[in-house]
Amino acid sequence: MYIAFSALQQSARDNNNQNNLDILNENEALQRFEGYRAACEKYRDEIAVIQKYIPGWMPAFSR
């Protein structure tokens, strides 16, 4: 989840001079986060199996 939080913070900093772009970027970042969360939920069983061998492993959150 730290990766997702970092991506949200970076998106907010990237375009802090343009209010309309900020709103669009925040919406995009939130959509990306929701997609990441949904994928983790969908594949939770597979993630649990991987975590048996690699404790603490989580899928990468990419931009």
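The table for this structure:
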{"item": "Among (1) in a loop (DSSP other than H, G, I, E, B); (2) at pLDDT below 90 - the single one residue 8 does not satisfy", "result": "(1)"}
{"item": "Top-ranked residue in segment 48-63 [being modelled with pLDDT under 90 and surrounded by 10 or more Cβ atoms within 10 Å (Cβ to Cβ); ranked as nearest to residue 28 (Cα to Cα)]", "result": "61"}
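The values are calculated or read from the model by the stated rules, or taken from the named source; none is laboratory data. Source: prediction; values computed, not measured. Quick reminder, even Gly has a Cβ in these numbers, built from the backbone with ideal geometry, and neighbours come from all protein chains shown.
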